[in-house]
Amino acid sequence: MIHYYNEDCDFVPGKKVHLNDWIKSIIAHENRKPGEINFIFCSDAHLITINNQYLNHDDYTDIITFDYSESKKVSGDIFISIDRIKENAEKFSVSFLDELHRVMIHGVLHLCGYKDKKPEEKKLMTQKENESLEKRNEHLN
């Protein structure tokens, strides 16, 4: 099941059924099955607290993913800062929804086992994000 929550902000995504279909299709494309996936939308302040508490990082980020996946079953908590999404959308001259969906699928790809610390990992992650965003239109229109 895919769930959507908000903490310390009032954001609620639209078209949840279509989002779920899209996310499930990406997971299936990676030869995995969806488990419990929670998207938690929050503010910068909330996410930096989590970043400090669990990762000992003292900087802003757009996403933190906690992976609880087992074998081929994809599960986890994906915290997303709506403040960062708004700022990055403006910075990269993309729509809010495009940036939101990129970050959401970035978290899902982490749950599927993709990393992004090394340059070659980051390149593959970006490629997978782009492929996923192209498939999004099949489910969100």
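Each reported figure results from applying straightforward, stated rules to the coordinates on display, with no laboratory input. Just so you know, these numbers come straight off a predicted model, no measurement behind them. Virtual Cβ from ideal backbone geometry, glycine too; neighbours counted across all protein chains shown.
Could you name every one of the helices (runs of 4 or more DSSP H) located completely within segment 7-114 that has at least 2 residues being of a type in the set (S, T, N, Q)? Even if it seems obvious, please write down each step before you answer.
Numbers: elements: 16-29, 44-55, 82-91, 96-111.
The qualifying helices (runs of 4 or more DSSP H) are 16-29, 44-55.
Pick from Leu97, Leu111: which is under 16 Å from Lys24 (Cα atoms) and among the aliphatic types (A, V, I, L, M)? Full working, then the answer.
Values: Leu97 fails: under 16 Å from Lys24 (Cα atoms).
Only one candidate qualifies: Leu111.
Per-residue answers, yes or no, for (1) touching a residue at least 40 places away in the same chain (Cβ under 8 Å); (2) of a type in the set (Asp, Glu); (3) in contact with a His (Cβ under 6 Å, 6 or more places away or on another chain):
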position	(1), (2), (3)
His3	no, no, no
Val12	no, no, no
Val17	no, no, no
Ile26	yes, no, no
Cys42	yes, no, no
Asp62	yes, yes, no
Glu70	no, yes, no
Lys73	yes, no, no
Asn88	no, no, no
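Where residues in segment 3-47 are surrounded by fewer than 19 Cβ atoms within 10 Å (Cβ to Cβ) and β-branched (Val, Ile, Thr), which of them is nearest to Cys112 (Cα to Cα)?
If we take residues in segment 3-47 being surrounded by fewer than 19 Cβ atoms within 10 Å (Cβ to Cβ) and β-branched (Val, Ile, Thr), then Val17 is nearest to Cys112 (Cα to Cα).
May I ask you to say which residue of Leu109, Leu100 is under 10 Å from the mean Cα position of the chain (by Cα), closer than 21 Å to Ser43 by Cβ and surrounded by 15 or more Cβ atoms within 10 Å (Cβ to Cβ)? Before you say what the answer is, go through the steps one by one.
Numbers: Leu109 fails: closer than 21 Å to Ser43 by Cβ.
One residue alone meets the criteria, Leu100.
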